[in-house]
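Presented below is the structure to which this report refers.
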Amino acid sequence: MPYAHDAVRAVVWREDALELLDQRLLPTVERYRRLTSAADVAQAIRDMVVRGAPAIGIAAAYGVVLAARARYAMDAVRWRTAVGSDLAMLAAARPTAVNLFWALRRMERVIARSSGDPAAALLAEARAIHEEDLAANRRMGQLGAALLDERGAVLTHCNTGSLATGGYGTALGVIREGYAAGLVERVYADETRPWLQGSRLTAWELARDGIPVTLLVDGAAAALMREGRVRWAIVGADRIAANGDVANKIGTYHLAVAARYHGVRFMVVAPASTVDMNLVSGAAIPIEQRAPEELLTLAGQPVAAAGAEAWNPSFDVTPAELVDALVTERGVVRTPDAAKMMQMMAEVA
Ligand code: MRU
């Protein structure tokens with residue numbers, strides 16, 4: 001692995017199959033699942049074998065490669081119609097992370113341009129999506145770490161690392177870069193109920209890469225801030241609206257509220273592919289509701305009183321006004337708003 005403190009790849013293309021590190025089994029079992037059809041990939045996204053906004057988009061792009069290969073082999077004339085239904089199936093896998101729809105649109109454009117066997121062009125596009133994500137993460141790592149003006153501990157939520165992206169990570173990329181530069185001395189990681197992305201995945205990645213990590217229950221974050229243990233909270237995003245509102249893992253919003261109250265700065269790190277300029281504000285972002293069983297049971301065992309119901313939104317929306325810095329590969333936007341977002345997205349487009 002070329003970069004320090006970055007030893008994991010969760011999404012791997014193997015010529016005739018997509019291999020995904022099964023994130024449901026971590027940290028106890030490290031097993032790659034081999035997927036050979038778009039239906040396999042859609043199910044893997046739905047079931048969270050692969051998760052994290054950029055990783056979902058990359059996996060779906062490879063899913064389109066698998067779809068097109070199979071459909072073209074079956075019918076070299078009418079393959080486009082059949083691939084259209086595979087695209088719809090992949091798009092229906094999860095609703096909040098816009099990277100999924102962004103990646104599928106890129107693949108659709110290649111399909112529209114192609115004549116003859118589309119496999120090579122689609123594979124090149126999926127690989128480009130994957131490589132661009134890795135490059136964006138490294139750029140964001142540098143930009144975000146440059147904001148950490150003094151050595152100290154940081155707080156993060158969910159998993160935004162190599163497991164959630166093409167590699168290196170978004171918020172965790174900033175943390176990796178900050179650690180390498182001597183600016184991050186320790187990472188406090190929310191356990192991230194109910195799926196435990198923090199304790200199962202972030203802690204696993206950081207421990208593997210030799211970065212000191214301390215877990216806390218999500219509800220302890222405000223107390224951690226009150227004790228003055230962290231200067232920055234650094235998180236990722238699943239979708240950012242045109243006014244800078246940020247949808248991310250449930251619990252991010254109250255972290256941002258607590259951070260503002262305690263004078264802790266709040267950084268959101270996400271590639272431009274996570275920005276959805278079609279939505280004027282976070283109120284329009286579709287929020288995935290997940291099964292009540294995720295709260296009512298733990299490792300298959302009931303943990304809640306019989307008869308209790310559960311409200312289980314997987315994401316929440318943090319208003320732009322609570323974001324001190326939004327880092328994309330295009331640059332840093334301080335206190336984002338509609339005008340700054342428009343300028344940032346227009347600059348390179
Ligand atoms: O439900 P998940 O695990 O897919 O949610 C992931 C998150 O909320 C991440 O913070 C986000 O996707 C950014 S990952 C770089």
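By the equivalent-ellipsoid construction on the alpha carbon gyration tensor, the range 11-135 comes out with semi-axes of 23, 14, 13 Å, ordered largest to smallest.
Oblate is the label for the range 163-238, because the ratio a/c of its alpha-carbon gyration tensor axes (a ≥ b ≥ c) is 1.5 or higher and a/b is not greater than b/c. With K and R counted +1 and D and E -1, the other residues having a Cβ less than 15 Å from that of GLU30 yield a net charge of +3. Note on surface exposure: MET345, MET277, MET140 rank MET277, MET345, MET140 by accessible area, highest first, 1.4 Å probe.
Less than 5 angstrom separates the built amide H of TYR188 from those of VAL154, LEU155, THR156, THR214, all sequence-distant by 5 or more or on a different chain. Normalised Debye scattering of the chain at q = 0.07, 0.08, 0.10, 0.12 Å⁻¹ gives log10 I(q)/I(0) of -0.28, -0.36, -0.57, -0.82, counting only Cα atoms as equal scatterers and leaving out solvent. Here the chain is assigned +1 on the Cβ of each Lys and Arg and -1 on the Cβ of each Asp and Glu. Its dipole about the Cα centre then comes out at about 280 debye. Backbone phi angles across the range 92-97, fed through the Karplus curve with coefficients 6.51, -1.76 and 1.60 (θ = phi - 60°), yield HN-Hα couplings of 7, 5, 8, x, 8, 5 Hz in residue order; Gly and Pro are listed as x. Per-residue SASA remark: HIS262, around 60 Å² accessible (1.4 Å probe; ligands, DNA and RNA not included).
Only Lys, Arg, Asp and Glu carry charge here, each on its Cβ (+1 for the first two, -1 for the last two); on that basis the range 11-135 has a dipole of about 300 debye about its Cα centre. Against the criterion of solvent-accessible heavy-atom surface with a 1.4 angstrom probe, GLU30, GLU19 sort, most first, into GLU30, GLU19. Spin-label model, ALA346/ASP149: points 7 Å from Cα along the beta carbon direction are separated by 3.0 nm.
Here the range 227-318 is treated as a sphere whose radius is the Kirkwood value from Cα pairs; by Stokes-Einstein at 4 °C and 1.567 mPa s it diffuses with a coefficient of 87 µm²/s. At a probe radius of 1.4 angstrom, the accessible area of the range 11-135 per residue rounds to 42 square angstrom. For the range 322-328, the Karplus equation 6.51 cos²θ - 1.76 cosθ + 1.60, evaluated at θ = phi - 60°, returns couplings of 8, 9, 7, 9, 10, 10, 10 Hz by residue, with Gly and Pro reported as x.
Report, for the chain, the % of DSSP beta bridges that are antiparallel, rounded to 5.
50
Once the 1.4 Å probe is applied to the protein heavy atoms, the range 293-349 comes out at 58 Å² accessible per residue. Only protein atoms count toward the accessible area here, which uses a 1.4 Å probe; on the chain, the carbon and sulfur part of that area reaches 54 percent. Between the beta carbons of GLU30 and GLN142, assuming R0 = 35 Å, the FRET efficiency works out to 0.75 to the nearest 0.05. Were the residues from ALA305 through ARG127 laid out at 0.36 nm apart, the gain over their Cα-Cα distance would be 59.3 nm. Computed over neighbours whose Cβ is under 11 Å from that of GLU177, the net charge equals +2, Lys and Arg +1, Asp and Glu -1.
Taking amide H positions as modeled 1.01 Å from N, with prolines and chain starts lacking one, the residues under 5 Å from THR297 and 5 or more places away or on another chain are VAL303.
Net length available on complete extension from ALA283 to ASP117 is 55.6 nm, with 0.36 nm assigned per residue and the Cα-Cα distance removed. With the helix formula -39500 (n - 2.57) applied to DSSP H stretches of n ≥ 4, the chain reaches a computed 222 nm mean residue ellipticity of -12000 deg cm²/dmol. Taking amide H atoms as placed 1.01 Å from N in the peptide plane, the amide H of VAL275 lies under 5 Å from those of ILE240, each 5 or more residues away in sequence or on another chain.
The values are calculated or read from the model by the stated rules, or taken from the named source; none is laboratory data. What you see is a predicted model; the values in this text were computed from it and never measured. Neighbour counts run over all protein chains shown; Cβ positions are idealised from the backbone, glycine included. Side chains included, ligands, DNA and RNA excluded: accessible areas come from the protein's heavy atoms. Shrake-Rupley method; radii C 1.70, N 1.55, O 1.52, S 1.80 Å.
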